[in-house]
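Note sheet for the following structure.
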Amino acid sequence: MHQLTLAEIARGLADKKFSSEELTRVLLARIAQLDPQLNSFISLTEELALQQAQAADARRAKGESGALLGAPIAHKDLFCTQGIRTSCGSKMLDNFKAPYDATVVAKLAAAGAVTLGKTNMDEFAMGSANESSYYGPAKNPWNLEHVPGGSSGGSAVAVAARLLPAATATDTGGSIRQPAAFTNLTGLKPTYGRVSRWGMIAYASSLDQGGPLARTAEDCAILLQGMAGFDPNDSTSIDEPVPDYSAGLNGSLQGLRIGVPKEYFSAGLDPRIAELIHNSVKELQKLGAVVKEVSLPNMQHAIPAYYVIAPAEASSNLSRFDGVRFGYRCEDPKDLTDLYKRSRGEGFGAEVQRRIMVGAYALSAGYYDAYYLKAQKIRRLVKNDFMAAFNEVDIILGPTTPNPAWKLGAKNSDPVAAYLEDVYTITANLAGLPGLSMPAGFVDGLPVGVQLLAPYFQEGRLLNVAHQYQLNTDWHTRTPTGF
């Protein structure tokens, strides 16, 4: 049962081959058995899961149907879930139980999805390896000595190890796509504003976006269908009709124009990954796609711009965690200043403190124009590059990451080295574009992903291309040994 995809589960439940409660019990037992070595969950919600599974079975017995009705999933632990710990991977929120459900959580619950738990993540979504989590790193099931990517590492590990078929995740600079690439999954970052951010604890408000992590493009289409849509509670949510993503999966790729940016194949890219990306291009050409070289000349400035904008927004967003209203509070503060200093100093980990300091510096008097304003101007140039490229092509293709997953602890002493691993993913966040990573092969036994980018609100096109690619390749079907 644990090998079933979301689509196969939907068919099995519809055909009464098993019940949601039976499936939920199997997966909960599997999590109890395997997760101690993986550390992919922060909180398990067995009681809630069984209640939701029984309710889904009752709804089906009355004649209701739906792809997510009775399907087990998990939520990244920054989506608020009423009455359940929502920690954001931080000591600061270790004792926080959300008083309401995030819009994504509420929408998926209404669709009948069963929540098995909350998954591990980099603290406040800051990191590329899941190593900054207060609860310890999640382990890559392909090699337990390697990182699974971050910040949505727990969601990726749980799905890759077949603990559950799909999970929610978020992407601020690649945090869905990079873990997908490192763990042999399909991960989709939607257009900014496509999925509500209400109830999603913020890191960088103009960059954060929720999306699905699953084994196939077909499963991502099912989960995105349940997540997407306008939300009046979110001022950045866009009132745009949500298409039937599953219905568009089988469209022909004949004549599809694929752009391959020449800047992607620089000295920083592992040549073995470059070869796998070229092989992916050839597969899509067999399906009728036409390939053309394009240019993204400002890509080289994206990382410095991102690492000014994101920390600046983080320093503002995280100012609310002060030890006064909720979350961690230090012991016996001498006065209000001591309360603030010690609560934040003890509650936040090193990476979060580092980014808050960078952000506060970039926004400070005398430096705002030199750093933050300039970074925003670069952001516009990055967007303009994409708009020019999309005048010539339908999608852009390239590597998701420059290297395969590194060993746990290998980059801990050099944060900038980890930041550079986001070079191919952060441009989509700066421009607000949808991006997808799908399995494309292996290097030294570790998975490699290929990234697809499309114009705004063209998630359906990305899913269509990925689905057609997966019908003709088997990379996404490979399972890590022992799982």
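Brief remarks on what is shown
- Counting only residues at least eight positions apart within a chain, or on another chain, the lysines with an alpha carbon under 21 Å from that of Lys292 are Lys262, Lys282, Lys383.
- The listed residues Glu123, Glu293, Glu313, once ranked by accessible area (1.4 Å probe) with the largest placed first, stand as Glu293, Glu313, Glu123.
- Note that segment 58-73 has calculated 3J(HN,Hα) couplings of 5, 5, 5, 4, 8, x, 6, 9, x, 4, 9, 6, x, 7, x, 9 Hz, one per residue in order, obtained from phi through the Karplus relation 6.51 cos²θ - 1.76 cosθ + 1.60 (θ = phi - 60°); glycine and proline are x.
- Using Cβ point charges alone (K and R +1, D and E -1), the dipole size of the chain about the Cα centre works out to roughly 120 debye.
- Apolar share of the accessible surface for segment 189-284: 52 percent from carbon plus sulfur atoms, 1.4 Å probe.
- Furthest towards positive pole of dipole, Pro241, Ala204, Tyr135, structure part segment 90-243, Cβ charges: Tyr135
- With 20 Å as the limit, the listed pairs Lys341/Lys411; Lys76/Lys139; Lys97/Lys118 have Lys341/Lys411 beyond it between alpha carbons.
- Order of exposure, largest accessible area first, which applies to His75, His301 with probe 1.4 Å: His301, His75
- Note on Val290/Thr473: beta-carbon distance plugged into 1/(1 + (r/R0)^6) with R0 of 22 Å gives a FRET efficiency of 0.70.
- Shown for segment 303-351: the carbon plus sulfur share of the solvent-accessible area, taken with all protein chains present and a 1.4 angstrom probe, equals 53%.
- In range of the label at Asn384: residues from segment 290-314 whose backbone nitrogen is under 18 Å from the point 7 Å along Cα→Cβ: 295-303, 305-306
- Net length available on complete extension from Tyr368 to Phe18 is 120.1 nm, with 0.36 nm assigned per residue and the Cα-Cα distance removed.
- Shown for segment 8-74: the carbon plus sulfur share of the solvent-accessible area, taken with all protein chains present and a 1.4 angstrom probe, equals 50%.
- Between Ser205 and Arg85, the distance separating the two model label sites (each 7 Å from Cα on the Cα→Cβ line) works out to 2.9 nm.
- FRET efficiency for Val416 and Gln353, using Cβ-Cβ distance with R0 set to 22 Å, rounded to 0.05: 0.85
- A Förster distance of 22 Å, applied to the separation of the beta-carbon atoms of Asp94 and Ala32, puts the FRET efficiency at 0.50.
- As a length-normalised measure over Cα pairs under 8 Å and 6 or more apart, the relative contact order of segment 248-402 settles at 38 percent.
- Euclidean distance of C-alpha centroids, segment 245-280 and segment 54-115, integer Å: 34 Å
- The residue among Pro148, Ala61, Ile73 whose Cα reaches farthest toward the positive pole of the charge dipole of segment 40-165, with charges on the beta-carbon of Lys, Arg, Asp and Glu, is Ala61.
- Within straight-line cross-link reach of Lys62, lysines at Cα separation under 25 Å, skipping those fewer than 8 residues along the same chain: Lys16, Lys17, Lys107
- For the chain, the solvent-accessible area of protein heavy atoms averages 36 Å² per residue (probe radius 1.4 Å; ligands and nucleic acids excluded).
- Here the relative contact order of the chain, from alpha carbon pairs under 8 Å that lie six or more residues apart, stands at 18 percent.
The values are calculated or read from the model by the stated rules, or taken from the named source; none is laboratory data. Computed from a prediction, not measured in an experiment: that's the story for all the values here. Cβ: placed from backbone, ideal geometry, glycine included. Neighbour counts: every protein chain shown. Ligands, DNA and RNA are stripped out before the accessible areas are found, and what is left, the full protein with its side chains, is counted by its heavy atoms. Shrake-Rupley method; radii C 1.70, N 1.55, O 1.52, S 1.80 Å.
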